[in-house]
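Everything below concerns the one structure shown next.
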Amino acid sequence: MRRWSDQRVAGAAGAQLLRPHPDGAAVDGPARAVVDSREVAQGDLFVGLPGERADGGAFAAGALAAGAWGVLVTPAWASDALAADAGAVLVSEHPVPALGALARAWRRDLGAHVVAVTGSVGKTSTKDLIAALLAPHRTVAASRENHNTEIGMPLEILRAPLGTEVLVLEAAMRGFGQIAELAAICEPDVGVITNVGPVHLEQMGSLEGVAKAKAELLEGLYDGATAVVPAGEPRLEPWLRDALEVVRFGPGGDVDYGAGGAAGRVIVAGGERIALELPFEQAHNLTNTLAAVAAARAVGVTPSERLDVRFSGLRGERVLLGAGATVINDCYNANPLSMRAALDDLATHETAGRRVAVLGDMLELGAAEDEHHRDVGAYAATAGVDVLVTVGPRAARMLERYDGEGHAVADAREAAALAGELLVAGDVLLVKGSRGVGLEVVAEALAAKEPG
C-alpha cells in the first residue's frame, strides 16, 4: 500500500506545510478528507472551508484534538491550528480548489477508470446502475447520494481505496463553468449525459443553455475518451468532436433494446446481444439502463444475467403501508421531465384503489414556470391520476389544467395532514417535488399512519 508523506499531501494540494506531522506519520493515500469536524476520525485530514455562516477553520484545533492526521485551513486559522500540539498543519488561501487538486492527484495515483455522469434527470439513478453493473466484474467506488459538487466530488474520490478499478462519479450543475471544474478534478475516461431538460432555467436561460452547461463534461474529455449521450439529442451534437468515441443510447442509437422493445430485456450494443434480468419496470430506469450498459462496455465490462441495484434514497422508493396502500417516495427533486416520468410510473401501477399524486413546486424554472406547472397538471390528468394534491404557490397552477379531484395546500405539513385523511387501503400515492419543498415529511407521516 502506498504511503503519502505530509510533504506529498501538501504538494498535491498546492498548500504550504506549516508544521509536519510531529510523529512523521504518513497516511494511506492522501487520507480520508472530511469538512465537518464532527465526523473526524483517527487519521483523517480535516479541511476547514469558509462558509456563509461559519469558517470551518475555526474547528481545526478541535479536529486535531479528535485525532485528525492533519488540517488544511486558510492563513487566518493557522495560529489556532498550530497551537494544538498534534497533527500536520497545511495552509492554503483557497481550500476548495486545494481539496480538488488533492483529489485529482489521488485519482491519478489510483489509476482507475473514471466514469462521470451528469444530466437533467436520472444522473443519480444512472450512477447507481453503472456501479451495480460493474460490481460483479470490477472493484468499484461510487459517489454517495448527492456528493456531486466541487466539494462533494473530491471527498468521494479521496474515499476510494487503493485497488479501486473504476470510480463512478456524479457531476451536478448549478451554473456555467461548474461541470468544467468537476471534469478538471476527476479527469473522466467516460462521460455520460443522461438527457437535456428544462432544469435550472433561471441560470441557463434556455434548453440550449442547459445543453451547453452539460456539454462541459464532453469538452473535459481527453481525445480518445468515450462520450455516452442520448440518441436524437441535437443540442449536444456541436460538442461531439471527432476525437471522441461517441456512443448513443436509446431508440435509433448504438445501445438499445432489441426485438420486443424494453419488455424483451435484450439489449443490443455494438451488434452484441446482452440479456439482462431487471428488477424494475419504470420507463425512465429502462432508459437509464441503456446508458449504464454503454458506460460499462466503455470500461471493458459486458454485463449479463441479473442486475442487482439499490437506488439512492428518495428516488422512487416504494413503501407498503399497513392496510395495503402504497407510497412512492420520489421527493428528492423535481423538474418537468422527472415529473412526467414519475407520473408515467404511477400510471403503470395496478391498484384496487385510486392513484393519488402529491406534487410540489418545481423550482428554478425561470419566466415560464407557470406554464411548466400547468403542463404537469394536464399530464397528470392524461396519466390517470384520480386525486391531485398540489403543494406550494407554483404547484397550484397545475390545477388549472387538471379536471379531476384537486386540492391545493400551502406547504408540506399541510400536505401530510391532507394525505393522511385522503389515503385509503388499495390506493397508490406518489410524492414528488423540488427539494426545497421538503415533501419527505409527507412520506414519513404516512408511513407512521395506518390507512383508513
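Structure above, values below:
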quantity	calculated
The one condition in (1) modelled with pLDDT under 95; (2) within 20 Å of ASN148 (Cβ to Cβ); (3) part of a helix (DSSP H, G or I) that ALA184 fails to fulfil	(1)
Residues of region 236-247 satisfying the condition of being buried (at least 18 other Cβ atoms within 10 Å of the Cβ) and of a type outside the set (A, V, I, L, M)	TRP239
Filter result for ILE179 (under 27 Å from GLY433 (Cα atoms) and not in a strand (DSSP E or B))	yes
Top-ranked residue in region 430-449 [being touching a helix residue (DSSP H, G or I) at 6+ places or on another chain (Cβ under 7 Å) and assigned to a helix (DSSP H, G or I); ranked as nearest to ASN333 (Cα to Cα)]	VAL437
Candidate set: region 330-349, residues that are over 21 Å from ALA368 (Cα atoms) and either assigned to a loop (DSSP other than H, G, I, E, B) or not assigned by TED's automatic domain parsing to the domain that holds LEU363 (or both); chosen: the one modelled with the highest pLDDT	ASP330
Residue match in region 270-291 (condition: of a type in the set (Ser, Thr, Tyr) and at pLDDT 85 or above)	yes
Subset of region 112-142 (residues that are touching a Lys or Arg at 6+ places or on another chain (Cβ under 7 Å), over 19 Å from GLU317 (Cβ atoms) and polar (S, T, N, Q))	THR118
Checking VAL166 against (1) on the phi > 0 side of the Ramachandran plot; (2) at pLDDT 95 or above, the condition it does not meet	(1)
Sole residue being surrounded by 23 or more Cβ atoms within 10 Å (Cβ to Cβ) and not hydrophobic (A, V, I, L, M, F, W, C), chosen from ASP330, ASP386	ASP330
Residue within region 13-25 that is hydrophobic (A, V, I, L, M, F, W, C) and closer than 26 Å to VAL115 by Cβ present	yes
Region 378-402, subset aliphatic (A, V, I, L, M) and in a helix (DSSP H, G or I), residue nearest to MET339 (Cα to Cα)	ALA380
Counted residues, region 120-144 - those being part of a loop (DSSP other than H, G, I, E, B) and basic (Lys, Arg)	2
Members of region 389-443 that are touching a residue at least 12 places away in the same chain (Cβ under 8 Å), charged (D, E, K, R) and under 19 Å from ALA325 (Cβ atoms)	GLU405, ASP427, LYS432, GLU440
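The values are calculated or read from the model by the stated rules, or taken from the named source; none is laboratory data. It should be emphasised that the depicted structure is a prediction, and the values quoted were computed from it without experimental measurement. Positions of Cβ are backbone-derived with ideal geometry, glycine not excepted, and every protein chain shown enters the neighbour counts.
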